[in-house]
Amino acid sequence: MSRSNSVSPKPFEAMITDLGHDGRGVARIDGKTVFVSGGLLGETVIAKLRKRHRHFDEAEVVEVITASPHRVEPRCQHFALCSGCSLQHLDASSQIAAKQRVLAENFERIGKVTPQSWLPPLTAEPWGYRRKGRLSVRNVAKKGSVLVGFREEQNPRFVTPIQRCEVMHPSLGPKVGLLAELLGTMDAVDTIAQIEFAAGDDLMALVFRHLQPLSERDLAALTAFGQHHGFAIYLQPGGVSSVHPLWPEQPRLAFRIASDDPRFADVELEFQPLDFVQVNAGMNQLMMARAMELLDPQPTDRVLDLFCGLGNFTLPIARRVAEVVGVEGEHGLVERAAQNAARNGIDNAKFHVANLFEDQRHADWAKQPWDKLLLDPPRAGADKVLEYLPRKQTHRIVYVSCHPASLARDAGILVNQHGFRLTSSGVMDMFPHTAHVESIAVFERSS
């Protein structure tokens, strides 16, 4: 393969020697790392170069010469073009194994820690699981077509026109192509930038982001579409606070978290369509059960739940302990968490608004003694919080992570600076068919 800076059109043979953290195969060509989309560990492939960089190149498979025994036929007709799923060509058990390997490597390389034991991986239904997401919209006037879908894998500036999505919630997945047909009939086809979807247990909501006011004809078309398909239709003419329902007048989005213990009642959380909720409802149930098992809440415990959101963990914990306090940076989520507590008849849960990426050590909740701590931070992790928490009284921490590198870093802090042991950890397949690694870890104070 040519080593010039230009991209050679000539395909080349490559042996895939590893699977990268983003799901791409890894090869070495003339001593340089090449990330190969569509390649699997152990395969020999013919690849085509896509982009050159100083320290690595990017390529894509054009032919598989020797296939991995773990290669399967992708279910989705848009696989390899759409960026939504990068691992549909890898069997389910191998996907899990790859994610476990990523988690273990991050613990070892970044945190310099190893769990005393590995938890069995949590898996749920891998198809039709995605209850939340954002679809891009583009009107290609020259071709007379409207594109609705996710960004292309190789060219993120372009939109993959999706007819159906195999991982999307089944109330919407088979109907994605109908959205393009709908938009093609509307006056505002050039000014609708995106459609967000969010599913509760009983209702799918669609949020249309429009850059200009909609005509009466367009409003009628959206209403009729929602009525015909049973979707709640929301409009978003500006920022997040501008979101409002078009039809019906008062839609209700909610999901239940079932208790795994017959002594405790379920909880139900209402939410707004742009609120953060766990993408995978089935996995959320399993994750909740595992978190409760690891946290081991007792009737006398006082628990602090940081990055609490709508109260996804806070309210189930409240059913089992003396007191729980949830802290979250977004005011709207905290308000709805408090409302959810009241709606479920829970009076031992309190909530506070605080930016947990800033020093909060002087806040009342931070100065109090807590028996146990639950962390569920975004990708950036919780290192800022760990500068002043946990205090000496805290003897157990359950950490739910959406990014293995930040979990590994924070595990190193807890073990090496706060005197905890990483007793167990494991992956949870929140995003099947993607390289995203969700995990959970439990830390206990060393005696």
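Things to note:
- Spin-label model, Phe276/Val240: points 7 Å from Cα along the beta carbon direction are separated by 0.9 nm.
- DSSP beta bridge pairing in segment 333-447, given as percent antiparallel to the nearest 5: 80 percent
- Cα-derived Rg over Rh, computed across segment 302-388 with Rh taken as Kirkwood radius: 0.94
- Multiplying the residue separation of Asp190 and Arg361 by 0.36 nm and subtracting their alpha-carbon distance yields 56.7 nm.
- Residue-count net charge about Gly381 - beta-carbon cut-off 9 Å; Lys, Arg +1, Asp, Glu -1: +1
- Mean ellipticity per residue at 222 nm, deg cm²/dmol - from DSSP H runs of n ≥ 4 across the chain, formula -39500 (n - 2.57): -6000 deg cm²/dmol
- Cβ-placed point charges (K, R +1; D, E -1), dipole of the chain about Cα centre in debye, nearest 20: 1080 debye
- Note on segment 1-130: with charges restricted to the Cβ of Lys and Arg (+1) and Asp and Glu (-1), its dipole about the Cα centre is near 460 debye.
- For segment 197-333, share of DSSP beta bridges that run antiparallel, in % to the nearest 5: 50 percent
- The residues neighbouring Pro69, those whose beta-carbon lies less than 15 Å from its own, together hold a net charge of -2 under the Lys/Arg +1, Asp/Glu -1 convention.
- Taking a straight line from the alpha carbon of Lys32, these lysines sit under 24 Å away, with near neighbours fewer than eight places off in the same chain left out: Lys10, Lys48, Lys51.
- Kirkwood Rh, Cα atoms: Rg over Rh of segment 296-447: 0.95
- Checked against a 26 Å cut-off, the cross-linked pairs Lys132/Lys384; Lys112/Lys372; Lys132/Lys372 give Cα-Cα distances beyond that limit for Lys132/Lys384; Lys132/Lys372.
- Å² of accessible area per residue within the chain, as computed with a 1.4 Å probe and no ligands counted: 45 Å²
- Segment 375-393 and segment 299-317: distance between their alpha carbon centers, rounded to Å: 15 Å
- Rolling a 1.4 Å probe across all protein chains gives Arg409 an accessible area of roughly 80 Å².
- Within the same chain, aspartates and glutamates fewer than 8 places from Lys350 are excluded, and of the rest, those with a Cα less than 12 Å from its Cα are Asp305, Glu323, Glu328, Glu335.
- Computed accessible area, Val385, all protein chains, 1.4 angstrom probe, square angstrom: 0 Å²
- Helix runs (DSSP H) in the chain reaching 30 Å along axis by Cα, Kyte-Doolittle at least 1.0: none
- For segment 347-393, the spread of Cα coordinates along the three principal axes comes to 30, 24, 19 Å, biggest extent given first.
- Extension gain for Arg50-Asn155 works out to 36.8 nm (0.36 nm per residue, less the C-alpha to C-alpha distance).
- Relative to one another, the C-alpha centroids of segment 32-90 and segment 332-371 are positioned 45 Å apart.
- The slack between Arg379 and Glu249, meaning 0.36 nm per residue of separation minus the straight C-alpha distance, is 43.3 nm.
The values are calculated or read from the model by the stated rules, or taken from the named source; none is laboratory data. Owing to the predicted nature of the structure, the values given are computational and were not obtained by experimental measurement. Note that each Cβ is placed from the backbone with ideal geometry, even for glycine, and that neighbours are counted across all protein chains shown. For accessibility, only protein heavy atoms count, side chains too; no ligands or nucleic acids. Shrake-Rupley method; radii C 1.70, N 1.55, O 1.52, S 1.80 Å.
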